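> I'd like to ask some things about the structure below.
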């Protein structure tokens, strides 16, 4: 009886230990951007980037968007939101000099899928990025600007995607 109880206790401890380590081992370095509205806008949110091998998982929670609309979402060259209109972040982050485009074709390192707001103006999105990092290297996103645009990205217009004014700005910082 005592041996069975100790075996059960030991098994429970192993499972608990593995479960707590799984969260640490399941992903690598993490970075976060806290989005703040640009002048005259209400858009804000939090975006988390987690490195997992050669993939960066992105989770975005954004509010204050136009309800039911798509919004361009890009990493920009500079981690500088000081201008009030987001223009101080520069152009799309593009260290490899590629054309602007969707994830399934050649694209800037800063090109990401558009986010879609629900009927309340909130967007919750999860997607994966390839060819970038938050750990190191020539396509490291840490220290870059993150922009939400007013309009959807058409993934054709060079070099911006014709996504309109910048309505929220944040800096991607290692966490």
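> Based on other C-beta atoms within 10 Å, arrange 155, 93, 120 from fewest to most.
On the way: 155 20, 93 24, 120 11.
Final ranking by Cβ density, sparse to dense: 120, 155, 93.
> A follow-up question, please. With the contact rule set at Cα under 8 Å and sequence spacing of 6 or more, what percent relative contact order holds for the range 27-174? Walk me through the intermediate numbers first.
On the way: 445 pairs, mean separation 48.0, N = 148.
In percent, rounded to a whole number, it is 32.
> What does the extension gain come out to for residue 42 and residue 138, with contour length at 0.36 nm per residue minus their alpha carbon separation? Don't jump to the answer; show the numbers that get you there.
Details: separation 96, 0.36 × 96 = 34.56 nm, distance 3.33 nm.
Additional length available on full extension: 31.2 nm.
> Going by C-beta contacts inside 10 Å, put 81, 169 in order with the fewest on the left.
On the way: 81 24, 169 30.
Starting with the residue having the fewest Cβ neighbours, the order is 81, 169.
> Here's something else I'd like to know. Under the √(5λ) rule applied to the eigenvalues of the Cα gyration tensor, what semi-axes describe the equivalent ellipsoid of the chain? Give them in Å, descending.
On the way: eigenvalues 273, 69, 41 Å².
Ellipsoid semi-axes (Å, largest first): 37, 19, 14.
> On to the next question. Take 98, 156, 44 and order them by how many other Cβ atoms sit within 10 Å, fewest up front.
Details: 98 16, 156 11, 44 19.
Lowest count first: 156, 98, 44.
> Using r as the Cβ-Cβ distance of residue 120 and residue 55, and R0 as 30 Å, what FRET efficiency do you calculate, to the nearest 0.05?
Values: r = 30 Å, r/R0 = 1.01.
It comes to 0.50.
> Could you work out the helix-only [θ] at 222 nm for the chain, with each DSSP H run of four or more residues adding -39,500 (n - 2.57) and the total divided by the number of residues, to the nearest 500 deg cm²/dmol?
Details: 1 runs with 24 residues, N = 175.
Per the formula, -5000 deg cm²/dmol.
Read-outs: derived from the displayed coordinates by stated rules, not from any lab. Note that this is a predicted model, so its numbers are computed, not measured. So basically every Cβ, Gly included, is an ideal-geometry build from the backbone, and we count neighbours across all protein chains shown.
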